[in-house]
Amino acid sequence: VCSSDLIYNWNPGSLTGSIVTVSPTSFLTYTATATNTSGCVATNTVIVDVYSAAVGGTANSNQTICTGSIPASITLTGYSGSIQWQESSDNINWTNISGATQPTLASATLGALNATKYYRANVSNGSCTSASSSTVTITVNPYPTVVASNSGPFCTGQTISLTANGGGTYSWTGPNTF
């Protein structure tokens, strides 16, 4: 009859005791061997899955576009893990973008924007804590309202002044290069 006084040996690591603490850095199989004072031996194994910590990486780069325009693609570099792109209107509350799991978030996925938006990648690796990439801001500016006017009508050959306001820089075009 085997008694209940057990001695535990763990491998790898040549550890002893019914409870041991380990810090593996890769997937490992540990074998516990229990031996009682009567020489009865039993073994069992446990597989320890180890994932490296997720690294959020760098998303590039900030953009400024006009209302209704489609921004350039956003690319993630320096990450480690599985990607899920997210968007936000306030840079606080984030929503996953359906199907956006590749390193490049395509322009077609972003679509035409009418307001400033923020984008980042949420990167995960197994059951480890996820990490967020840097945030890309796509600033959406409205088109200026330009009003061009004159005080006409005018006679042929008369010099006139044309006036524009509502913009920052103006470029005029017309017949006969003015």
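The values are calculated or read from the model by the stated rules, or taken from the named source; none is laboratory data. What you are looking at is a predicted structure, and each value in this text was computed from that prediction instead of being measured. Glycine gets a Cβ as well: all are built from the backbone with ideal geometry, and neighbour counts include every protein chain shown. SASA here: full protein model, heavy atoms, side chains in, ligands and nucleic acids out. Shrake-Rupley method; radii C 1.70, N 1.55, O 1.52, S 1.80 Å.
At a glance:
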read-out: Inter-label distance, nm, simple model (7 Å from Cα along the C-beta direction), S88/T173; value: 4.2
read-out: Chain lengthening between S127 and D5 when straightened (0.36 nm per residue, less Cα-Cα); value: 40.2 nm
read-out: In order through region 7-19: 3J(HN,Hα) via Karplus (6.51 cos²θ - 1.76 cosθ + 1.60), integer Hz, x for Gly, Pro; value: 10, 10, 10, 10, 9, x, x, 6, 8, 10, x, 6, 10
read-out: FRET efficiency estimate (nearest 0.05) - Cβ-Cβ, A148 to A112, R0 22 angstrom; value: 0.25
read-out: The chain, relative contact order [Cα under 8 Å, separation at least 6], %; value: 19
read-out: Amide H contacts of Q63 (H built 1.01 Å from N, under 5 Å, at least 5 apart or other chain); value: T137, I138, T139
read-out: Region 109-173, Rg to Rh (Cα coordinates; Rh as Kirkwood inverse mean 1/r); value: 1.42
read-out: Computed [θ] at 222 nm, helices only, for the chain once each DSSP H run of length n ≥ 4 contributes -39500 (n - 2.57); value: -500 deg cm²/dmol
read-out: Max mean-square fluctuation residue, GNM over the chain, Cα-Cα springs under 10 Å, options N96, N44, N122; value: N44
read-out: Rounded percent of accessible protein surface that carbon and sulfur make up, region 138-178, 1.4 Å probe; value: 53
read-out: Whole-Hz ³J(HN,Hα) from phi, Karplus 6.51 cos²θ - 1.76 cosθ + 1.60, for region 163-169, glycine and proline x; value: 10, 10, 8, x, x, x, 10
read-out: Å² of accessible area per residue within region 73-178, as computed with a 1.4 Å probe and no ligands counted; value: 64
read-out: Of all DSSP beta bridges in the chain, antiparallel share, percent nearest 5; value: 90
read-out: Per-pair calculated FRET efficiency, R0 = 22 Å: S52 and I97 via Cβ, rounded to 0.05; value: 0.30
